[in-house]
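Trainee: Can you keep this structure in mind? I'll have questions shortly.
Bear in mind these aren't lab numbers, they're just calculated from the coordinates by the rules spelled out. Predicted model, so just to flag it, every value in this text is computed and none were measured. Every residue, glycine among them, receives a Cβ derived from its backbone with ideal geometry; neighbour counts consider all protein chains shown.
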Ligand code: NAD
């Protein structure tokens with residue numbers, strides 16, 4: 001079967017379980033040096049898949065970092081840049097980012113800034129990075145628990161998606177990726193949302209991944225630099241990123257990205273109902289979907305202040321106003337809805353009451 005290619009912003013997203021196209025890409029180019037950036041888990045589980053698919057491929061160097069969101073920061077980038085220098089990388093080098101969203105975000109950032117930018121390709125290995133993080137050219141790292149606050153828009157040379165990598169992914173990580181798939185249906189494709197909302201995350205197929213990427217790709221190709229339309233992809237992320245950042249700083253077992261934005265999407269669906277015409281039926285449907293797939297996250301009112309500080313640092317704000325992308329109905333999302341702090345607090349209370357910790 002021919003691999004499916006989706007044209008994006010000057011590159012293709014290629015769906016190919018055999019990785020033949022990655023093989024072809026490397027053969028067609030004459031890079032002076034090839035580096036693979038990966039983390040410990042992807043190194044154990046995914047590098048062998050790559051090596052098996054391309055047994056002739058050698059002579060590359062591997063930069064391995066510790067896994068986890070807590071390592072997506074500038075200190076780790078400095079380590080990566082130093083390793084690139086040690087390995088003799090120059091402007092004609094290629095960086096292959098092999099891993100989840102932490103690796104594709106941080107690898108894209110380090111490649112786009114090293115010697116003013118070298119080529120990189122994304123080989124995402126988690127469901128979340130396949131359906132979302134590896135596509136669209138947003139790269140970056142966190143700082144002081146504010147998500148993705150340092151970064152660039154930089155397009156890869158190609159993205160290679162192989163569902164074979166997902167075989168070794170644990171259930172919690174798989175479900176985390178499902179959150180972004182559900183989001184894509186909610187913001188832009190009601191029938192896709194209806195088709196997937198009741199599925200088990202293990203039932204997600206390459207076709208679902210392709211459809212989810214196609215939704216995101218359709219948005220980012222129209223608005224690569226997030227001047228307008230692209231902001232719809234941030235539904236759930238204003239509150240979700242604050243919860244994720246706070247959880248990283250304070251929880252022993254922090255929320256995963258998808259878990260945080262699942263809670264964020266419930267809060268922001270409440271805001272959409274309160275302020276943007278989302279019907280009560282739609283709100284209840286969204287709540288039911290996320291609570292079916294994701295564990296409840298309990299938090300105290302004492303953290304609201306910290307959450308609001310994190311939200312105020314969000315990139316979507318204008319001045320001191322906190323900006324949201326809110327649904328008007330399932331399948332449609334409005335951008336630049338600015339919400340007063342007391343209403344945001346209401347939405348956080350709404351979630352707490354829903355899960356029974358708001359008494
Ligand atoms: P992750 O990169 O931390 O990967 C999750 C875990 O799975 C890690 O421990 C990793 O080592 C492990 N892993 C990776 N592939 C594996 C495999 N095939 N088998 C077994 N283990 C494997 O997290 P993620 O959920 O992939 O990505 C989350 C990140 O993506 C966040 O930092 C988020 O901000 C970012 N993101 C970016 C964009 C974007 O547009 N740039 C969009 C959405 C999310």
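Trainee: Applying 1/(1 + (r/R0)^6) with R0 = 30 Å to the Cβ-Cβ distance of residue 20 and residue 115, what FRET efficiency is obtained, to the nearest 0.05?
Mentor: 0.50
Trainee: Over the Cα atoms, compute the radius of gyration (one decimal) and Dmax (the largest Cα-Cα distance, rounded to a whole number) for the stretch 82-205, in Å.
Mentor: Radius of gyration, then largest Cα-Cα span, for the stretch 82-205: 16.0, 51 Å.
Trainee: Determine one quarter of the surface area of the Cα convex hull of the stretch 4-168, which equals its mean projected area, and express it in nm² to one decimal.
Mentor: About 8.5 nm², averaged over all directions.
Trainee: With just the Cα atoms defining each centre, how far is the stretch 211-251 from the stretch 286-359? Give it in Å.
Mentor: Using only Cα atoms, the two centres lie 14 Å from each other.
Trainee: Taking the square root of 5 times each eigenvalue of the Cα gyration tensor, what semi-axes in Å does the equivalent ellipsoid of the stretch 156-197 have, largest first?
Mentor: Those come to 22, 16, 9 Å.
Trainee: Moving to a separate point now. In nm, what is the difference between 0.36 nm times the number of residues separating residue 288 and residue 52 and their Cα-Cα distance?
Mentor: 80.8 nm
Trainee: Report the extension gain between residue 92 and residue 252 in nm, rounded to one decimal, defined as 0.36 nm multiplied by the number of residues separating them, less their alpha carbon distance.
Mentor: That works out to 53.4 nm of additional length.
Trainee: Taking the Cβ-Cβ separation of residue 227 and residue 152 as r and a Förster radius of 25 Å, what is the calculated FRET efficiency to the nearest 0.05?
Mentor: Efficiency at R0 = 25 Å is approximately 0.95.
Trainee: For the stretch 21-60 and the stretch 127-168, compute the distance between their C-alpha centroids and round to whole Å.
Mentor: Comparing the Cα centres of the stretch 21-60 and the stretch 127-168, I get a distance of 18 Å.
Trainee: Just to be sure I understand: with springs between alpha-carbon atoms less than 10 Å apart, which residue in 111, 203, 214 has the highest mean-square fluctuation in the Gaussian network model of the chain?
Mentor: Looking only at 111, 203, 214, the biggest GNM fluctuation is shown by 203.
Trainee: Just the projected area, averaged over all directions, of the convex hull on the alpha carbon atoms of the chain: how many nm²?
Mentor: 16.8 nm²
Trainee: Taking springs between alpha-carbon atoms closer than 10 angstrom, which of 97, 73, 253 fluctuates most in the Gaussian network model of the chain?
Mentor: Answer for the Gaussian network model of the chain: 253.
Trainee: List the relative contact order of the stretch 25-110 as a percent without decimals, with contacts defined as Cα pairs under 8 Å and 6+ residues apart.
Mentor: 48 percent
Trainee: Percent of alpha carbon pairs in the stretch 175-355 separated by more than 30 Å?
Mentor: The calculated P(r) of the stretch 175-355 puts 12 percent of pairs beyond 30 Å.
Trainee: Using only Cα atoms, find the angle between the long axis of helix 257-275 and the longest principal axis of the chain, and express it within 0 to 90 degrees, rounded to the nearest 10.
Mentor: Between helix and principal axis, roughly 40 degrees.
Trainee: Based on C-alpha coordinates, I'd like the Rg and Dmax of the stretch 123-278, in Å.
Mentor: When restricted to the Cα atoms of the stretch 123-278, Rg and Dmax are 15.2, 43 Å.
Trainee: Let me ask something additional. Need the full-extension length gain, residue 202 to residue 82, defined as separation in residues times 0.36 nm minus the C-alpha distance. One decimal, nm.
Mentor: So the extension gain works out to 39.3 nm.
Trainee: To continue, here is another question. If you count the DSSP beta bridges with both ends in the chain, what percent of them are antiparallel, to the nearest 5?
Mentor: 40 percent
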